Amino acid sequence: EAGVAQSPRYKIIEKRQSVAFWCNPISGHATLYWYQQILGQGPKLLIQFQNNGVVDDSQLPKDRFSAERLKGVDSTLKIQPAKLEDSAVYLCASSSPRGTRGSTDTQYFGPGTRLTVL
Amino acid sequence: KQEVTQIPAALSVPEGENLVLNCSFTDSAIYNLQWFRQDPGKGLTSLLLIQSSQREQTSGRLNASLDKSSGRSTLYIAASQPGDSATYLCASLANDYKLSFGAGTTVTVRA
């Protein structure tokens, strides 16, 4: 079974530039998550999708961050304009919704995109 | 809001020694608790998941316990090996599907 795919793996930009990250979840997983992991900290949830609808985006800085999930499969996370404090690893994860067959509530994580803002 | 704490932040042991990693959480109303492993430059790999009704889970050399009443979980790694060197994160899943992570314990196993 293919895992969660993310690209790019690394990105270096200057502050005030824009950047976009892409995620392809495990086939059949309806729930998709974007996390931000700052160095030395645990991942923090930015946004959660169920199919192509947003379940929770309370921690997403909406003045500069946006995310969408096209047709309930792939997702993109965009930052515009970037700030120095956005330097972090951006992790995408997917899971089967609770109550669905085979669901274990386990989230499967991609390798992440390491963003450096100069 | 759930707060998850992991102590110590870093640990270095000689090969063969048993590892004990601690995790504490403030809200005992959790659905499950998971332990993840994170290698440098990589994503998170789920190691063990303990449902709220369970007391422990085992997988090979790994054993995780859960005490909801005291808000604690412990990950034991027996007979550590250099390949066990990584950062270990615990995370609690609330009934609203939200995962709250600790900052992790970075383990170094010296050959």
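The values are calculated or read from the model by the stated rules, or taken from the named source; none is laboratory data. Just so it is clear, the model here is predicted, and its values are computed rather than measured. Cβ coordinates were reconstructed from backbone atoms using ideal geometry, including for glycine residues, and neighbour counts include every protein chain displayed. These area figures cover heavy atoms from the full protein model, side chains too; ligands, DNA and RNA do not enter into them. Shrake-Rupley method; radii C 1.70, N 1.55, O 1.52, S 1.80 Å.
Reported count of residues in the stretch B:1-18, each being of a type outside the set (Lys, Arg) and open to solvent by 60 Å² or more (accessible area, probe 1.4 Å), is 9. Here B:Asp84 meets the list (1) closer than 29 Å to A:Gln59 by Cβ; (2) in contact (Cβ under 8 Å) with a residue 40 or more places away in the chain almost entirely, failing just condition (1).
No other residue among A:Asp86, A:Asp63, A:Asp56, A:Asp74 is within 11 Å of chain B (Cβ to nearest Cβ) and of a type in the set (Asp, Glu) apart from A:Asp56.
Per the conditions (1) away from chain B (no Cβ under 14 Å); (2) in contact with a helix residue (DSSP H, G or I) (Cβ under 8 Å, 6 or more places away or on another chain), the sole criterion not satisfied by A:Arg69 is (2).
Considering every residue within the stretch B:91-100, establish whether at least one is in contact with a strand residue (DSSP E or B) (Cβ under 7 Å, 6 or more places away or on another chain), open to solvent by less than 50 Å² (accessible area, probe 1.4 Å) and among the polar types (S, T, N, Q). Checked the stretch B:91-100: at least one residue is in contact with a strand residue (DSSP E or B) (Cβ under 7 Å, 6 or more places away or on another chain), open to solvent by less than 50 Å² (accessible area, probe 1.4 Å) and among the polar types (S, T, N, Q).
Within the stretch A:38-50, residues that are at the interface with another protein chain (Cβ under 7 Å from one of its Cβ atoms) have Cβ atoms under 7 Å from residues that are in a loop (DSSP other than H, G, I, E, B) and among the small types (Gly, Ala, Ser) in these pairs: A:Gly40/B:Ala103; A:Gln41/B:Ala103; A:Gly42/B:Gly102; A:Gly42/B:Ala103; A:Gly42/B:Gly104, counting only partners at least 6 apart in sequence or on another chain. Residues being under 30 Å from B:Ser24 (Cβ atoms) and surrounded by fewer than 13 Cβ atoms within 10 Å (Cβ to Cβ) are represented in the stretch A:37-44 by at least one member. Looking at A:Ser7, A:Ser87, A:Ser95, A:Ser18, just one residue is touching a residue at least 60 places away in the same chain (Cβ under 8 Å) and either among the hydrophobic types (A, V, I, L, M, F, W, C) or under 23 Å from B:Gln6 (Cβ atoms) (or both), and that residue is A:Ser95.
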